[in-house]
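Reviewing the structure listed below.
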Amino acid sequence: MTRPGGRWQNWGRTEQVRPRRVERPPSVDAVRRAVDAAARRGLRVKAVGAGHSFSAIALAPDILLDLDELSGLVDVDRERGLATFAAGTRLHRIPALLAPYGLAMENLGDIDRQSLAGAISTGTHGTGIRLGGLGSQVAGMSLVTADGERVTVTEEDGELLDAVAVSLGALGVIVEVTLRCVPAFVLAARERPEPLQEVCDDLAARAERDDHFEFYWFPGTDLALTKAQQRHPADTPTRPLSAGARFLEDVVVGGVLHRVACATGALLPASVPALNRVSTRVWGGRDFSDASAAVFATRRSVRFAEMEYAVPIERLVPAFEAVRDLIRRRGWRISFPIEVRTAAADLAWMSTSHGRESGYIAVHRYWREDPGAYFDAVEEILLAEGGRPHWGKMHAQDAAVLASRYRRFADFVALRDQWDPHRVFANPYLDRVLGG
């Protein structure tokens, strides 16, 4: 978001920049004019959505394009299950736009505040070993390229769609996205604290048995907070959470009390283990069912910094156990839980799950605490396990390391050279992760 004085900062307060100019194009033609004008002046352009990336991927030193006005449903093909949206559409608004057509997004992450284009570009994903990230739902995309022209890529263009599906903002400004949707469905959720070691020992079976499975672990405890979800037809009777129960769990416990616990832990680190044990016992322990979008996402009001890596699925448990042992060995007091998820292999060239079933380990730190030593040590472990960093979350890797972890890395860079030879869409982050 842009603050008074022209300073832009992301939601997690991990990155900020003061662009030369902020533009809010109301149409695709306005985006084309903005990109063309910037290119003629030798200025760089970056489009931003909701600012929910923790990395510097969206920083715009020159021209910042705020795409909030490019929002809404553009077209629907109900029979084929295709829906086209303007790029700035927020994920949390999509379910209501699809509902009249009996459609839904196949999968979502646990945060839905991002813009559609931003979430896809950074490789956002949910959980489910048979389901890919948001990029795998893309059936078409329109971008404004460095010469100010609009280019549309569809499934008829073959692997070019795989190239642009997760583009890191390096190929152009996304203006429209066509999603491959599914019939609306109900999710039945079961959330429980369970013995951590039992969850780790049974993780592969749980990931196969449940349509969506993940768990959270508060360091210093021996319990995992598990979330298992099963998919059912849209006409299945539901048992949604009452407004009071949702307010208590998501706002009071997950918001107010967690913020107090984190703030207390930042001032008094010795209190963190006890606070984490309390948190493990007051969160979770509920069964409910509702429309899919109402179950996938949860409200996040406590700011944090985040790093997440994808590792080969067979290395997920060893990697998590190594991180757990690291925290115990170092005696670190970490107030935010570690999140563990899974995803299917997909075809997008720059997806963290490209070509392999993946397990995801996400570590967090309260935004008023320095994540440096913690993230650095965890990153070393996850790199050794074959990890790939989430593009929208904090990491320290560069092109020299990343090139060996993506089979199509060189192909993507070559496409970038073709589409943006003068680096109109570059910024320091892309220079680091893709090369200048």
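A few points about this structure:
- Candidate residues V74, V295: accessible-area rank, largest first, probe 1.4 Å: V74, V295
- Oblate is the label for the stretch 262-366. Its Cα gyration tensor axes, ordered a ≥ b ≥ c, give a/c of at least 1.5 and b/c at or above a/b.
- Looking at the stretch 18-104 alone, DSSP beta bridges between its own residues are antiparallel in about 35 percent of cases.
- Kirkwood Rh in Å, taken over all unlike Cα pairs in the stretch 146-207: 16.4 Å
- All-pairs alpha carbon distance profile, the stretch 64-129, 10 Å steps from 0, percent: 19, 53, 26, 2
- Computed from label points 7 Å out along Cα-Cβ, the spacing between A99 and E314 is 4.5 nm.
- Stokes-Einstein, applied to the Kirkwood radius of the stretch 299-436 over Cα pairs at a viscosity of 0.890 mPa s and 25 °C, places its translational diffusion at 153 µm² s⁻¹.
- For L70, the amide hydrogen comes within under 5 Å of the amide hydrogens of G88, counting only partners 5 or more places away or on other chains and with H modelled in the peptide plane.
- Note, ³J(HN,Hα) from phi for the stretch 381-398, Karplus 6.51, -1.76, 1.60, rounded to Hz, x at Gly and Pro: 5, 5, 5, 5, 8, x, x, 10, x, 5, 5, x, 10, 5, 6, 10, 7, 10
- Neighbourhood charge, 12 Å Cβ-Cβ cut-off, centred on A274 and excluding it, Lys, Arg +1 and Asp, Glu -1: +3
- Reported value for the stretch 217-314: 141 Å³ per residue, from the convex hull of its C-alpha atoms.
- Nonlocal amide H pairs with L223, under 5 Å, H built at 1.01 Å: L196
- Here the stretch 21-49 and the stretch 384-436 have alpha carbon centers that stand 23 Å from each other.
- Packing-based ranking of 205-217, 264-276, 8-20 yields 205-217, 8-20, 264-276, ordered from highest to lowest mean Cβ neighbour count within 10 Å.
- Counting only alpha carbon atoms, the long axis of helix 316-330 and the longest principal axis of the chain meet at about 70°.
- Surface composition of the chain: carbon and sulfur atoms hold 51% of the protein heavy-atom accessible area at a 1.4 Å probe.
- Zone residues, the stretch 320-352, relative to E159, backbone N less than 20 Å from point 7 Å out along Cα-to-Cβ: 345-352
- Under 14 Å, Cβ to Cβ, from G109 - net charge with Lys/Arg +1 and Asp/Glu -1: 0
- Cleavage-rule hits (GluC sites (Glu not before Pro)) in the stretch 39-131: DSSP loop, at most 10 neighbouring Cβ within 10 angstrom: E79
- Relative intensity, log₁₀ I(q)/I(0), of the stretch 49-200 from a Debye sum that treats every alpha carbon as a point, q = 0.11, 0.15 Å⁻¹: -0.45, -0.79
- The chain: Rg to Rh, with Rh as the Kirkwood radius over Cα pairs: 0.95
- Rolling a 1.4 Å probe across the protein heavy atoms gives the stretch 277-319 an accessible surface of 38 Å² per residue.
- Mean residue ellipticity, 222 nm, helices only, the chain: the sum of -39500 (n - 2.57) across DSSP H runs of n ≥ 4, divided by residue count and rounded to 500, is -8000 deg cm²/dmol.
- Set of the stretch 179-200 residues, backbone N closer than 12 Å to the point 7 Å along the Cα-Cβ line of D222: 195-198
- Separation between Cα centres of the stretch 296-370 and the stretch 167-243, rounded to whole Å: 14 Å
- R0 of 25 Å, Cβ-Cβ distance A270-A204: FRET efficiency to nearest 0.05: 0.10
- Under the criterion of Cα pairs below 8 Å and six or more residues apart, the relative contact order for the stretch 301-387 equals 45 percent.
- Total formal charge among the other residues, if their Cβ is under 13 angstrom from that of W332, Lys/Arg +1 and Asp/Glu -1: +2
The values are calculated or read from the model by the stated rules, or taken from the named source; none is laboratory data. Since we're looking at a predicted model, the values are computed, not measured. All Cβ positions, glycine included, derive from the backbone under ideal geometry; neighbour counts span all protein chains shown. SASA here: full protein model, heavy atoms, side chains in, ligands and nucleic acids out. Shrake-Rupley method; radii C 1.70, N 1.55, O 1.52, S 1.80 Å.
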